[in-house]
Amino acid sequence: MAPSAHLKSYGQRALKQTNPAAILLLETMERKKTNLAVSVDVTTSADFLTIVDAVGPFVCLIKTHIDILEDFEYSLIERLENLSLKHDFLIFEDRKFADIGNTVAHQYSSGVYKIARWSHLTNAHPVPGPSIIKGLASVGLPVGRGLLLLAEMSTKGSLATGTYTEDAVRMARLNRDFVVGFIAQHRMDGIGAAPDEDVTDEDFLVLTPGVGLDSKGDAMGQQYRTPEEVILDSGCDVIIVGRGVYGTDLKATAAIVARAERYMAEGWAAYLRRLV
Ligand code: 5BU
């Protein structure tokens, strides 16, 4: 049997992908030697841009919740895109779409945020069934975007387990052009496949939130694992870190940079240990 795809380098894996966003992400990870994504969950544009500029050199991806910015103006997007070019990272709006195909297509293309215009990757809950992928793909595929399905969550008591997770993987397999992988806590290769289905070449990206080095969780159900547990033990590809990097003092830029460097180093060391 062929070795599981995640035992190859990010660069080798880029060669086998067809979706432009997946290729860009893997190439960026290889080039910058980082599997760190920072989730910049702050509420003012000034803090947001300062933190993105500070952590930019250390990340492959910046994850946004664009709707939590209190002073959002569309011009922020141009500044974010400039930082993405300056520091060579991709953008992932963690929108967690969850409606019928027609509605999500509007939410993705239009409204205040026009997510498909600037976000290389976005994500969706599989709960509505395959029509959600169809709706989002009608907007995202023509402009080279990629979708991650939420197959598992990091929170205590999450309902996204067992057959729900298996069904998410089956949905992804049927939409390989647009669905590039999962938000999940483990590698998903082969999950839910029929006995006669050949999935040996399958290579879905797994991006994993719930990563922290100095804490096991928060007071609202978040659960943290270390980069080593996520990348080496669970075979995931990207560690997503929010508060572990930006911390509580948003003005302490030097400390934010130091933490980004630490997570980058830990994530990359775990990846090098799993390469065969
Ligand atoms: P934290 O500060 O590292 O806990 O932030 C984690 C981020 O990842 C935050 O933006 C969440 O919305 C996001 N997240 C998560 O924590 N767990 C999940 O299962 C999913 C997203 Br899906």
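Out of segment 217-276, which residues are closer than 19 Å to Phe182 by Cα, among the small types (Gly, Ala, Ser) and more than 13 Å from the ligand (Cβ to nearest atom)?
Ser234, Gly235, Gly267 - these are the residues of segment 217-276 that are closer than 19 Å to Phe182 by Cα, among the small types (Gly, Ala, Ser) and more than 13 Å from the ligand (Cβ to nearest atom).
Only residues that are out of contact with any Phe, Trp or Tyr (no Cβ under 9 Å at 6 or more places or on another chain) and of a type in the set (S, T, N, Q): list them for segment 80-96, please.
If the condition is that a residue be out of contact with any Phe, Trp or Tyr (no Cβ under 9 Å at 6 or more places or on another chain) and of a type in the set (S, T, N, Q), then Asn82 is the only one that fits.
Among the residues of segment 205-220, is there at least one that is over 17 Å from the mean Cα position of the chain (by Cα), in contact (Cβ under 8 Å) with a residue 24 or more places away in the chain, more than 27 Å from Ala116 (Cβ to Cβ) and not in a loop (DSSP other than H, G, I, E, B)?
Yes, segment 205-220 has at least one match.
Determine the pairs where a residue that is closer than 9 Å to Leu148 by Cα, located within segment 166-190, has a partner that is part of a helix (DSSP H, G or I) and within 14 Å of the ligand (Cβ to nearest atom) with Cβ atoms under 9 Å apart, the partner being 6 or more residues away or on another chain.
The qualifying pairs are Phe182/Thr165; Phe182/Ala168.
How many residues does segment 204-239 hold that are crowded, with 24+ Cβ neighbours inside 10 Å and of a type in the set (D, E, K, R)?
1
When segment 128-164 is examined, which residues are found to be in contact (Cβ under 8 Å) with a residue 60 or more places away in the chain, of a type outside the set (D, E, K, R) and either under 20 Å from Gln17 (Cβ atoms) or away from the ligand (no atom under 13 Å from the Cβ) (or both)? Can you show your working first?
From segment 128-164, those in contact (Cβ under 8 Å) with a residue 60 or more places away in the chain are 144-146, 154-157; that's our starting set.
Then drop every residue that is not of a type outside the set (D, E, K, R), which leaves 144, 146, 154-155, 157.
Those that are in contact (Cβ under 8 Å) with a residue 60 or more places away in the chain, of a type outside the set (D, E, K, R) and either under 20 Å from Gln17 (Cβ atoms) or away from the ligand (no atom under 13 Å from the Cβ) (or both): Gly144, Gly146.
Provide a single number: the residues in segment 1-53 that are within 16 Å of the ligand (Cβ to nearest atom) and either in contact with a Gly (Cβ under 9 Å, 6 or more places away or on another chain) or closer than 18 Å to Cys236 by Cα (or both).
Selection size over segment 1-53: 7.
Conditions first: (1) within 15 Å of the chain's Cα centre (by Cα); (2) surrounded by fewer than 24 Cβ atoms within 10 Å (Cβ to Cβ); (3) within 18 Å of Asp189 (Cα to Cα). Gly242 passes all but one, so which condition is the exception?
The failed condition is (3).
Please verify whether segment 28-45 includes one or more residues that are small (Gly, Ala, Ser), outside any loop (DSSP other than H, G, I, E, B) and within 22 Å of Asp201 (Cβ to Cβ).
No, every residue in segment 28-45 fails to be small (Gly, Ala, Ser), outside any loop (DSSP other than H, G, I, E, B) and within 22 Å of Asp201 (Cβ to Cβ).
Bear in mind that the values in this text are calculations on the coordinates, not laboratory data. Keep in mind it's a predicted model, so treat the numbers as computed, not measured. Reconstructed Cβ throughout: ideal geometry from the backbone, glycine too, with neighbour counts over all protein chains shown.
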